[in-house]
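The structure under discussion appears below in the form of structure tokens.
The values are calculated or read from the model by the stated rules, or taken from the named source; none is laboratory data. The structure presented is a predicted model; accordingly, all values stated were derived computationally and were not measured. Cβ coordinates were reconstructed from backbone atoms using ideal geometry, including for glycine residues, and neighbour counts include every protein chain displayed. When the accessible area is computed, the model is the full protein with side chains, heavy atoms only, and any ligands, DNA or RNA have been set aside. Shrake-Rupley method; radii C 1.70, N 1.55, O 1.52, S 1.80 Å.
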Amino acid sequence: QKQLMEFGGGSVQPGGSLRLSCQASGFTFNMYTMSWYRQGSGKERELVAAINGAGHLKNYADSVKGRFTISRDNAKSTVYLQMNSLKPEDAAIYYCNAVFNVMNIWGKGTLVTVSS
């Protein structure tokens, strides 16, 4: 079946870096727009970054521009989120999402904590 599995969450100090990965299976990965969303404690889920199927169109939330980079490797069916200069307000559960036409697939999320 269609699945997304996130990896790479953890605890980091402010100013640190983490790289999240999302492994896809069960669907034609390069046809899907891939996104990272996050949901902080007591907050609504928000879009962090998105990348189109070919990997040449990207967009970012204003709050992460210049700090986060989304990328994908279609040969590995994997999307990445490189997070640098992390701030306490970046702490959240990060979710991977895949969309193509009416198909909308979510991963279970990975927790990122940012504290000193």
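Worth a mention:
- Leading residue by the ranking (most open to solvent (accessible area, probe 1.4 Å)) among those in the range 87-116 that are touching a residue at least 60 places away in the same chain (Cβ under 8 Å) and more than 25 Å from GLY53 (Cα to Cα): SER116
- Qualifying positions in the range 1-54 - among the hydrophobic types (A, V, I, L, M, F, W, C), over 24 Å from PRO88 (Cα atoms), open to solvent by 60 Å² or more (accessible area, probe 1.4 Å) and touching a strand residue (DSSP E or B) at 6+ places or on another chain (Cβ under 7 Å): MET5, MET31
- Positions within the range 2-14 being touching a Ser or Thr at 6+ places or on another chain (Cβ under 6 Å) and either small (Gly, Ala, Ser) or not in a loop (DSSP other than H, G, I, E, B) (or both), in sequence order: GLN3, GLU6, PHE7, GLY8, GLY9, SER11
- Candidate set: the range 55-68, residues that are closer than 17 Å to LYS87 by Cα and hydrophobic (A, V, I, L, M, F, W, C); chosen: the one surrounded by the fewest Cβ atoms within 10 Å (Cβ to Cβ): ALA61
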